[in-house]
Amino acid sequence: MKKENLCKIISPFFLILLWYAVAAIIAAPLILPFPHTVLLRLFTLAQNSFFWKAFAFTFLRVIIAFLLSFIIGFFSGLLSADYPCFKDFIAFPLNIIRVTPIIAFILLALFWFKSGIVPVVTGILMSLPVMISAAEKGFTKNRENQEKLFKASCYGFTGFKAFRYIRLPAALPSLMAGAESVFGLCWKVVAAGEVLSIPRYGAGSLMQYSQLHLETADTLAYTLAIIIFSYIGGKIIHKMIHFEP
């Protein structure tokens, strides 16, 4: 077994042992329950249909935020790469989004949108700068692309054909990296939005309810479930993006 693989295996076990040690020293389940307690609570909670319905709504919000972020970011990045004026125009609002805390957007969105829509809106807002930057980087014409586009024009390629067969393939690595980053970010922002907006169905809402009732094990169990679903979803997105027939 390679040393790198061994370190990857040891790392989670080390964190679990550290968790056990800290929980034993604190000796207060209300503050930090043991890992096995959290895992047992997760299995118990997962037997309730409401648990799955809440996570299904969260997953739906994540997918909507991800798709809209990708589409808007794709075209905005393309325009930024081709038109410096457009890039300069959106630079200021994107910088504002980057430096503004997520919680500020969530609290403001609560004034304007329904609780179930707030996580989606904030997910899109926080993901856009990442996707636009990735798309812009991918579509920016470098010397190699310029040469290919010139050769394509000599053979009578139309603008769409040149885009389809030259620019888009060249931009795919950057677009794929941006999409993976955006998907992970959407999970975090949507969950945070649900915690504050408390829609009827949502993983974040379950976390908020358990925290209000001082059920620390349940809060950690829901957090663990979000991590698991986010990890699985990220792997699925990775496989879809890098799929080769």
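Which of the residues that make up region 20-35 are closer than 12 Å to Thr216 by Cα and either under 25 Å from the mean Cα position of the chain (by Cα) or of a type outside the set (Val, Ile, Thr) (or both)?
Ala28, Pro29, Leu30, Leu32, Pro33, Phe34, Pro35
Report the residue count in region 178-224 for those that are of a type outside the set (A, V, I, L, M), assigned to a helix (DSSP H, G or I) and over 30 Å from Tyr20 (Cα atoms).
The qualifying residues number 7.
Is at least one residue of region 36-50 aromatic (Phe, Trp, Tyr) and within 24 Å of the chain's Cα centre (by Cα)?
yes
Every residue, every condition in (1) at pLDDT 85 or above; (2) surrounded by 14 or more Cβ atoms within 10 Å (Cβ to Cβ); (3) more than 30 Å from Ala171 (Cα to Cα); (4) not hydroxyl-bearing (Ser, Thr, Tyr), yes or no:
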residue	(1), (2), (3), (4)
Ser205	yes, yes, yes, no
Gln208	yes, yes, yes, yes
Thr223	yes, yes, yes, no
Glu244	no, no, no, yes
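Anything in region 96-109 that is over 22 Å from Phe59 (Cβ atoms) and either part of a helix (DSSP H, G or I) or at pLDDT 90 or above (or both)? List them, or say none.
Ile96, Ile97, Arg98, Val99, Ile103, Ala104, Leu107, Leu108
Kindly check whether there is at least one residue in region 70-83 that is surrounded by 14 or more Cβ atoms within 10 Å (Cβ to Cβ) and without any contact (Cβ under 8 Å) to a residue 12 or more places away in the chain.
Within region 70-83, one or more residues are surrounded by 14 or more Cβ atoms within 10 Å (Cβ to Cβ) and without any contact (Cβ under 8 Å) to a residue 12 or more places away in the chain.
The values are calculated or read from the model by the stated rules, or taken from the named source; none is laboratory data. Note that the structure is a prediction, hence the values are computed from the model and not measured. Neighbour counts are summed over all protein chains in view; Cβ atoms, including those assigned to glycine, are modelled from backbone coordinates with ideal geometry.
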